[in-house]
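> Encoded as structure tokens, here's the structure I'll be asking about.
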């Protein structure tokens, strides 16, 4: 800084004035452009840290994709696909077997004729309505047995669960729903490639002989006017 001032050949008083003016200009520039944005750097660092954390989360989930595929294949192989026509019968047999094993009396069991509409790509749902009469302990064990194992049966609704006429057991209506693996669709047969299409050119007209006699030139047409 002193070298620059010496090159200007200024007097000491002029140097002081110049330094004071530069100091004021720097203070004004900092007050206008720097100090109002002093928190922007901290906000930028915070957003950058959040972005890096989100990116790390996404990369970790992408790295787990092979594990998810292996789990999906394992779940698909656990139970064989059941034909839609046999799903309701199999659900009824499973519920009846669990009821017998847990001392639950089923007064009626009514499978629904149509499957429940589901947006799941891998499973269909079947619903059965039943009326039962049993003790509270037997009912709990019956519901636990339905939800455990590979049956994939769960309780959707419990209607009017109340004490029976003897006041020693429970009676009520239940709605059960079961999920069955869809039959995998067969891959479409490969499409045979089409043969290439060759363009057929129309036949060209025969060339005219070059030794043909030339046509005579057309004679001009003259008109005569009548004298009146």
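The values are calculated or read from the model by the stated rules, or taken from the named source; none is laboratory data. What you are looking at is a predicted structure, and each value in this text was computed from that prediction instead of being measured. Glycine gets a Cβ as well: all are built from the backbone with ideal geometry, and neighbour counts include every protein chain shown.
> Determine if region 142-154 includes at least one residue that is part of a strand (DSSP E or B) and either at pLDDT 80 or above or loosely packed, with under 15 Cβ neighbours inside 10 Å (or both).
yes
> State all residues of region 156-172 that are touching a helix residue (DSSP H, G or I) at 6+ places or on another chain (Cβ under 9 Å) and at pLDDT below 85; if no residue qualifies, say none.
Answer for region 156-172, where residues must be touching a helix residue (DSSP H, G or I) at 6+ places or on another chain (Cβ under 9 Å) and at pLDDT below 85: just 161.
> Mind listing just one residue for me: the one in region 92-140 that is part of a strand (DSSP E or B) and within 28 Å of residue 74 (Cα to Cα) and, of those, modelled with the lowest pLDDT?
Among residues in region 92-140 that are part of a strand (DSSP E or B) and within 28 Å of residue 74 (Cα to Cα), the one modelled with the lowest pLDDT is 116.
> Is one or more of the residues making up region 33-42 touching a strand residue (DSSP E or B) at 6+ places or on another chain (Cβ under 9 Å) and assigned to a helix (DSSP H, G or I)?
No, that holds for no residue.
> Return the residues of region 155-168 that are touching a strand residue (DSSP E or B) at 6+ places or on another chain (Cβ under 9 Å) and outside any strand (DSSP E or B); say none if nothing qualifies.
164, 165
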